[in-house]
1. Write down, largest first, the equivalent ellipsoid semi-axes of the chain in whole Å, where each equals the square root of 5 times an eigenvalue of the alpha-carbon gyration tensor.
2. Would you mind ranking 159, 139 by Cβ crowding within 10 Å, fewest neighbours first?
3. Quick check on the exposure proxy: order 94, 79, 12 from fewest to most C-beta atoms within 10 angstrom.
4. Can you work out the FRET efficiency for the pair residue 129 and residue 80, with r the C-beta to C-beta distance and R0 = 45 Å, to the nearest 0.05?
5. So what's the angle, to the nearest 10 degrees on a 0 to 90 scale, between helix 136-164 and the longest Cα principal axis of the chain?
6. As a test of the formula, what do you get for the chain when each DSSP H run with n ≥ 4 contributes -39,500 (n - 2.57) and the sum is divided by the residue count, at 222 nm and rounded to the nearest 500 deg cm²/dmol?
7. Just to be sure I understand the model, the point goes 7 Å from the Cα along the line to the Cβ. What's the resulting residue 93 to residue 167 distance in nm?
8. Relative to the Cα centre, what is the charge dipole magnitude of the chain, using +1 at the beta carbon of each Lys and Arg, -1 at the beta carbon of each Asp and Glu, and rounding to the nearest 20 debye?
Amino acid sequence: MGPLLAFSRAVDAMNRGFGRIAEWCVLAACLVAAGNAFVRYGFSFTSGASVEAQWYLFAAVVLLGASETLQRNGHVRVDLVYGSLRERARLWIDVFGLVFFLLPAMALLAVMCWPFFVESWTRNEISPSPGGLLRWPVKFLLPLGFALVALQGVSELVKRIALLRGLSPEAEVVTSYERPLQ
């Protein structure tokens, strides 16, 4: 399990880095949105590129931040019984969900999005909006984001299997789940 846990630590560190990028994209998106509003209402001017940049930043927030959210066990789940189970039962549920749902879905989505990106990149696609931006960078976020979640899913699977085998992975494994307050 040693090499697998080392791989898991590397994936966790990489996805924490992408999580930091996503955090900075939140700030950038807010600044771009505020700038758009200021320029639109203050000077009666609008820019298609700045509106698209805001959309691209929101896409980066979601697609680059999803893997770290998985690492923190922060994704929304249907919690009918999970929260009331013991840790070992939660680990088995997580293993089942990772193997049969998350990993196949993320792999399929990453593979399906790749040609979408490649076509945009080879054509050097530009948005039809006046002053529009290149489209391929944001389209690249799709397969990248899904691949990052798949890698994080493998990392989470390794950590849970280690715990089930009685090993204590150095990386923190979050199995607790709190329902969101609404």
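Read-outs: derived from the displayed coordinates by stated rules, not from any lab. On a predicted model such as this, the values are computed, not experimentally measured, just so you know. Neighbour counts run over all protein chains shown; Cβ positions are idealised from the backbone, glycine included.
1. Ellipsoid semi-axes (Å, largest first): 37, 19, 14.
2. 139, 159
3. 79, 12, 94
4. The value I calculate is 0.50.
5. Roughly 10 degrees between the two axes.
6. Value at 222 nm, helices only: -24500 deg cm²/dmol.
7. 2.5
8. 180
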